[in-house]
Amino acid sequence: MSKIVRILLSVTALMAVATTAFAAEGAAAALSAKYIGAGLAIGIAALGTGIGQGTAIKGAVEGISRNPSASGKISTTMIIGLALIESLAIYALVVALILLFVV
């Protein structure tokens, strides 16, 4: 792993633990951990799906530019793929909402 990634992971872990270490009550720390977990869940999911959608569109545009006669098939396949990629973000949203309101 690169040095920057290690530093970012260390800072994130420190921020997550610092609330429980300095909290007077455990309930406040658990509540803040829920918010951090929900935010990380939807943030990472949005990042991943954004990268995936960009890659899918890039590949579709390159394919259409190489073979314009296949644009119908490529566009249909791309739209189905984008819907499946977007469903992952919706699943992450559901998990984040469960973390916030149920747990």
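Only a single item in (1) modelled with pLDDT of 90 or more; (2) within 30 Å of VAL11 (Cβ to Cβ); (3) of a type outside the set (Ser, Thr, Tyr); (4) over 12 Å from the mean Cα position of the chain (by Cα) is not met by LEU100, and it is number (1).
Apart from one condition, SER65 fits all of (1) of a type outside the set (Val, Ile, Thr); (2) over 20 Å from ALA16 (Cα atoms); (3) under 14 Å from the mean Cα position of the chain (by Cα); the exception is (3).
The values are calculated or read from the model by the stated rules, or taken from the named source; none is laboratory data. Bear in mind the structure is a predicted one, so any value in this text is a computation, not a measurement. Heads up, the Cβs are rebuilt from the backbone with ideal geometry, glycines too, and the neighbour counts pull from every protein chain shown.
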